[in-house]
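Derivation of every value follows stated rules applied to the coordinates shown; laboratory data play no part. Because the structure is predicted, anything quoted here is derived from the model rather than measured. Neighbour counts run over all protein chains shown; Cβ positions are idealised from the backbone, glycine included.
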Amino acid sequence: MANKQKKNPIVLFIHKTGSPEYFYKLSGRFLPWLIAITTILTAWGLYQALYVVPPDYQQSESYRILFIHVPSAWMSMFIYAAMAVMAFIALVWRIKVAEICAMASAPIGAAFTFITLCTGALWGKPMWGAYWVWDARMTSELVLLFIYLGIIALYRSIDDRRAAARVASIMALVGLVNLPIIHYSVEWWTTLHQGQTIRLTGPSSIDASMLPPLIIMAVATKTYFIAAMLANARNMLIEQDRNKSWVRRLIGDAP
Amino acid sequence: MTCALIEAIQIEHERNGLPIYQAVSFRIEAGQALLIEGGNGVGKTTLLRQLAGILPTRSGRVLFDGSELDEQLANARSQLLYLGHRLGITDDLSCQENARLWQKLWGRQANQDIVRSLQSVGLMGYEQSRAADLSAGQRKRLALSRLLLCPARLWLLDEPYSNLDADGLALVNRMLASYLERGGAAILTSHGTFDPGLRGVQRLVMRAA
Amino acid sequence: MRAGSAQVLMAMIWRDLRLAMRRRGQLAHPLLFLTLITVLFPLALGPDPKQLGAIAVGIIWVGALVAVTMTLSDLYRSDRDDGWLEQLMVSGHPMVLVAIGRSFSHWLTTGLPLLLLTPLFASFLNMPEQLLSTLLLSLLLGTPTLSLIGNIVAALTVGIGRSGFLVGLLVLPLYVPVLLFAAGAVNAQAGGLSPDAHLLMLAAIATLAATLTPWATAAALRTSLSSN
């Protein structure tokens with residue numbers, strides 16, 4: 001196998017973690033810890049957000065939904081970026097684990113996007129008198145949800161799981177190039193039509209006391225993402241490899 | 001030992017984790033042909049698609065002219081002709097237009113013109129007919145004419161005998177014999193329920209994995 | 001031994017256009033669709049010319065997006081079914097040529113006819129006449145992008161039967177910037193502003209799309225064909 005020797009260390013590392021069996025065992029060791037950390041951080045963050053932080057002098061109690069809304073909005077974009085990176089690795093090095101991780105991320109990203117839209121609407125009702133206003137961020141978020149749903153639907157429409165993951169990965173990268181353009185065009189559109197953009201959050205509205213729960217929730221949502229993505233990916237992996245020897249060994253079906 | 005034109009070493013293929021075939025090996029030199037036989041669903045078409053580089057080789061190696069197929073796909077492909085289960089005929093073009101298009105893309109075999117090639121596959125008088133109006137056997141013959149029209153070192157033929165009458169079987173055998181004599185190489189599949197009467201070829205029998 | 005890139009590209013465009021001429025009926029589908037849309041809106045909203053004129057641009061552009069989208073699920077379908085795409089893939093010629101050729105011929109047979117019939121649609125909807133030139137310019141700069149992006153999605157879904165709805169779900173979000181800048185250009189002019197900034201953005205997006213999308217389409221075609 002002379003041609004396989006001239007691989008650089010990064011590629012070798014990716015190939016090692018890319019072995020399904022190694023990935024399954026490693027992620028199995030991390031998973032309980034990630035779930036524990038997520039549970040503790042979420043409980044702590046929500047306690048801070050709902051009881052410790054004083055009510056806003058202008059928006060009273062309703063602003064507290066921001067502690068869900070803002071971390072979710074961050075995650076909706078963070079997960080897209082993470083998915084695109086894994087999609088890129090999957091396409092360039094043809095690594096099955098990366099394909100699966102990218103596809104395992106999409107539903108979680110879509111869920112966070114959906115939560116962002118719902119919490120935004122709930123917050124918008126008392127603040128602006130309507131569940132939906134054509135705010136630039138909310139509009140971009142809505143388009144992002146459609147892109148997530150498109151990727152998920154595309155992945156599910158193709159029978160061959162590996163080809164499906166690769167096709168959906170290309171779509172994820174196409175979306176990645178488009179998202180900044182979409183965001184920019186929507187921003188321009190709202191400034192032209194409304195003169196002044198309605199913002200859910202701006203730098204000025206963040207009080208120092210609001211920061212700790214926000215940061216805790218931001219970390220909690222990230223560990224949640226990693227835990228949920230790994231759990232999802234592990235299921236997808238053993239299902240796809242159910243006839244492989246390593247899975248058979250795992251379930252005690254073969255020596 | 002001379003370098004084989006195309007060589008497969010322990011290749012396998014799987015779909016959704018289920019193996020389609022495993023540990024397939026063979027080597028073909030110029031002037032040789034390989035007949036792959038096996039029943040429905042044993043992966044003959046898949047194997048041929050893998051050799052054409054349409055499907056990636058994830059396990060085992062395919063060598064073309066002594067080096068990895070996947071690393072010189074464009075080069076290898078420019079030297080082979082592939083006749084798939086889907087024939088690559090454009091229905092709304094005439095036979096002649098189809099042939100002209102193939103020659104534009106695959107190059108022109110020296111001293112072979114379109115009318116003569118269509119004649120030798122038995123499509124004389126159909127030059128201006130829409131491909132959609134041909135019968136299944138005639139469509140197969142039209143697709144076979146691509147082998148005469150365009151130059152190549154290797155033919156990959158998926159079920160070249162299907163849909164053909166006795167005269168058609170003889171035509172394929174004649175074309176293969178003269179191609180091999182000129183130094184070409186061919187890999188073809190057959191579901192093996194009849195003897196195509198092809199002589200002097202290697203055989204590979206595939207069974208369900 | 002085999003033909004050069006330019007020759008291959010010409011051969012493929014020749015084939016697309018010849019097929020378009022032989023399947024003339026299909027050529028008319030998006031046009032008929034958009035005509036129907038421009039007839040249905042006045043029926044739903046009432047014939048008040050002022051009200052119609054105010055939303056004419058939106059109707060025409062949204063109609064054009066949907067009309068183009070409806071052509072996409074068949075863009076590579078017959079070529080896949082008859083084995084032509086497979087032949088191109090094993091021909092050794094770069095798939096990016098296929099993507100460029102098909103994007104161009106798709107625009108010639110979809111975007112351009114829509115553009116040419118737009119004066120008719122605009123008059124159905126009582127659009128103010130001084131906006132027509134800007135609308136046509138926005139279509140000229142916008143519809144090539146629709147074809148280019150549409151080719152990626154068509155290539156991604158080529159292996160999927162009954163992909164109509166999926167194609168819409170995938171492609172329409174990607175069309176959002178084109179819609180915003182194109183309709184924005186005409187609306188800016190209607191509001192007494194210069195449409196130039198919007199039109200320049202459309203041109204920039206078209207340039208970007210022309211450079212990037214053929215590679216994505218080629219990768220999508222290769223991947224779609226390699227499923228078994």
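Net charge in the neighbourhood of residue A:23 (other residues with Cβ under 10 Å of its Cβ; Lys, Arg +1, Asp, Glu -1) is +3.
Distance between the 7 Å Cα→Cβ label points at residue A:209 and residue C:204: 4.4 nm. When the scattering of region B:88-152 is computed by the Debye formula from its Cα atoms alone, each counted once and equally, what is log10 I(q)/I(0) at q = 0.20 Å⁻¹? Normalising to I(0) and taking log10 leaves -0.66. Fewest-first ordering of A:177, C:153, A:70 by other beta carbons within 10 Å of each residue's beta carbon gives A:177, A:70, C:153. Please give the Cα centre distance for region C:34-89 versus region A:117-140, rounded to the nearest Å. If we compute the Cα centre of each part, the gap is 31 Å. Using equal-weight Cα scatterers in the Debye expression, the normalised intensity of region C:3-226 in log10 at q = 0.09, 0.11, 0.12, 0.14 Å⁻¹ is -0.38, -0.55, -0.65, -0.86. Database remark: amide H of residue B:88 closer than 5 angstrom to the amide H of C:83, C:84 (H placed geometrically; neighbours at sequence offset of 5 or more, or on other chains; Pro and chain starts carry no H). Look at B:104, B:44 and count the other Cβ atoms within 10 Å of each Cβ; fewest to most, that gives B:104, B:44. Extension gain, residue A:250-residue A:29: 0.36 nm per intervening residue step, less the Cα-Cα distance, totals 78.1 nm.
Across the protein assembly as shown the C-alpha pair distances fall into 10 Å bins from zero in the proportions 3, 13, 20, 21, 18, 13, 7, 3, 1, 0 percent.
Where Lys and Arg each count +1 and Asp and Glu each count -1, what net charge lies around residue C:73 among other residues with Cβ under 12 Å from its Cβ? That works out to +2. Taking the longest Cα principal axis of chain C as reference, the axis of helix C:196-225 is set at about 30 degrees.
When each of C:223, C:157 is scored by the number of other beta-carbon atoms lying within 10 Å, the sequence from fewest to most is C:223, C:157. Note on the protein assembly as shown: lysine pairs with Cα distance below 24 Å, sequence gap of 8 or more or different chains, count 18.
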